[in-house]
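Q: Would you mind keeping the following structure in view while I ask a few things?
The values are calculated or read from the model by the stated rules, or taken from the named source; none is laboratory data. All figures in this text were calculated on a predicted structure; none of them were measured in a lab. Cβ placement follows ideal geometry from the backbone for every residue including glycine, while neighbour counts extend to all protein chains displayed. To get the accessible areas, we keep the full protein, side chains included, count just its heavy atoms, and leave off ligands, DNA and RNA. Shrake-Rupley method; radii C 1.70, N 1.55, O 1.52, S 1.80 Å.
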Amino acid sequence: SRLVKPHYSYWTAAYLLSQSGARKLLAQRPLSKMMAVDEYLPLMFDKHPNKEWSSYFSPRDLNAFSVSPLLAEPQFYIGQKGYLSDTETSEIIDPETLAQKKKESARNVKQEL
């Protein structure tokens with residue numbers, strides 16, 4: 001096995017975090033800028049191809065490493081029998097519809113109190 005520096009990849013199958021790495025990730029307040037971990041990690045180690053998205057995160061100085069050959073990999077790939085994803089077939093949520101649903105939910109909670 002050898003240590004390698006990863007580039008942009010859209011398959012976060014397994015990862016380890018040091019305490020300092022976890023602090024760097026949390027310092028960016030990722031829940032206020034919701035995105036898939038497959039997008040967030042490459043943004044934070046500055047290898048994401050979308051420079052506009054990168055501009056919302058600073059510093060982007062996470063140290064990322066991988067090993068070759070891989071220690072963990074997906075059991076199935078897209079298109080293979082048995083493949084299951086909770087995101088591949090997700091619909092895009094309209095921000096206005098989401099905001100309206102949040103208001104309705106808050107209104108229902110107040111009525112129950």
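Q: Tell me the accessible surface of Leu26 in square angstrom (1.4 angstrom probe, heavy atoms of protein chains only), to the nearest ten.
A: 120
Q: Moving to a separate point now. For the chain, how big is Rg over Rh, using alpha carbon atoms and the Kirkwood form of Rh?
A: Values: Rg = 18.2 Å, Rh = 17.1 Å.
Checking Rg against Rh, the ratio lands at 1.06.
Q: Pick out, from Met44, Pro6, Asn108, the residue whose Cα sits farthest towards the positive end of the charge dipole of the chain, with +1 on the Cβ of Lys and Arg and -1 on the Cβ of Asp and Glu.
A: Met44
Q: Same structure again: How much of the accessible area of the chain, probe 1.4 Å, is carbon plus sulfur, in whole percent?
A: 55
Q: Write out the chymotrypsin sites (Phe, Trp or Tyr not before Pro) in the range 10-43 meeting two conditions: DSSP loop, and at most 16 other Cβ atoms within 10 Å of their Cβ.
A: Answer in residue order: Tyr10, Trp11, Tyr15.
Q: Still on this structure, please answer the following. Can you tell me the accessible area per residue over the chain, all protein chains present, probe 1.4 angstrom, in square angstrom?
A: Spelled out: the 1.4 Å probe surface of the chain, per residue, equals 84 Å².
Q: Can you list the trypsin sites (Lys or Arg not before Pro) in the range 8-91 that are in a DSSP coil and have 12 or fewer other beta carbons within 10 angstrom?
A: Lys81
Q: Given the DSSP H assignment, sum -39500 (n - 2.57) over each helix run of at least 4 residues in the chain and divide by its residue total; what's the result at 222 nm in deg cm²/dmol, nearest 500?
A: Details: 4 runs with 39 residues, N = 113.
Taken over the chain, the calculation gives -10000 deg cm²/dmol.
Q: Dipole magnitude of the chain about its Cα centre, charges +1 at Lys/Arg Cβ and -1 at Asp/Glu Cβ only, in debye to the nearest 20?
A: 440
Q: Looking at the range 1-56, what % of the alpha carbon pairs are farther apart than 12 Å?
A: 70
Q: What figure, in Å² to the nearest 10, do you get for the accessible area of Val67 with a 1.4 Å probe and non-protein molecules left out?
A: Accessible area of Val67: about 40 Å².
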